[in-house]
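The structure appears below as structure tokens.
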Ligand code: ADP
Ligand code: MG
């Protein structure tokens, strides 16, 4: 795997047929095309990092990269939970994320409770590790602060 940090962005779409509301931990989903264009050598699993959209502050986040059962596990999916309480949904926004560290591979859980508890542990661990100075520094990266039109020819 290439070294983190890994930056990417994409429009937040409504997830088709996934049931994240069951977990009470909302995850902003990227479109399949965005996930297909990620480097092929990005492992599946749980990452942590930074995320923002619009004029929001840059917030801590965890990302799950995984295989999508809806597409018979042929397609990767990428879902970002931002550690911030938003007043409203932000479907349609261009979400910018930086993967900063890797927490663990994907796992199967025998109950919803154990899945939720693992995600809560991931969130706590991510919050801690993101306080490391080298990780805090990435919050200030140009990727988050310079309009994309200036650094990527308008491409996200
Ligand atoms: P879906 O199945 O459409 O992905 P979710 O139940 O996973 O729905 O909720 C995700 C949506 O909730 C996001 O697309 C976003 O608009 C909204 N949302 C609100 N707060 C957050 C948050 N803290 N992190 C991620 N998404 C959030
Ligand atoms: Mg979701």
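Which of (1) under 19 Å from residue 38 (Cβ atoms); (2) at pLDDT 90 or above is the odd one out, the single condition residue 71 does not satisfy?
(2)
Do you know which of the residues in the stretch 20-53 that are over 22 Å from residue 138 (Cβ atoms), assigned to a loop (DSSP other than H, G, I, E, B) and at pLDDT below 85 is nearest to ligand 1 (Cβ to nearest atom)?
Once the filter is applied, the top-ranked residue is 24.
Does residue 63 count as buried (at least 19 other Cβ atoms within 10 Å of the Cβ) and free of Cβ contacts under 8 Å to residues at least 40 places away in the same chain?
It is true that residue 63 is buried (at least 19 other Cβ atoms within 10 Å of the Cβ) and free of Cβ contacts under 8 Å to residues at least 40 places away in the same chain.
Suppose we filter 4, 95 for residues that are at pLDDT below 85, on the phi < 0 side of the Ramachandran plot and touching a strand residue (DSSP E or B) at 6+ places or on another chain (Cβ under 7 Å); which single one remains?
Working: 95 fails: at pLDDT below 85.
Exactly one residue qualifies, and that residue is 4.
Would you say residue 122 is touching a residue at least 24 places away in the same chain (Cβ under 8 Å) and not in a strand (DSSP E or B)?
Against the criterion (touching a residue at least 24 places away in the same chain (Cβ under 8 Å) and not in a strand (DSSP E or B)), residue 122 qualifies.
With the condition kept exactly as written, say whether any residue in the stretch 74-97 is more than 15 Å from residue 10 (Cβ to Cβ) and more than 10 Å from ligand 1 (Cβ to nearest atom). Break it down into steps so the answer makes sense when it comes.
Just the residues of the stretch 74-97 that are more than 15 Å from residue 10 (Cβ to Cβ), to begin with: 74, 81, 83-89.
Still in the running and more than 10 Å from ligand 1 (Cβ to nearest atom): 74.
Yes, the conditions are met somewhere in the stretch 74-97.
Residue under question is residue 56, and the condition is that it be modelled with pLDDT of 95 or more and assigned to a loop (DSSP other than H, G, I, E, B); does it hold? Full working, then the answer.
On the way: modelled with pLDDT of 95 or more: yes; assigned to a loop (DSSP other than H, G, I, E, B): yes.
So residue 56 fits the description; yes.
The values are calculated or read from the model by the stated rules, or taken from the named source; none is laboratory data. These figures come from a predicted structure and were not determined experimentally. For neighbour counting, all protein chains shown are included, and Cβ atoms are generated from backbone atoms with ideal geometry for every residue, glycine included.
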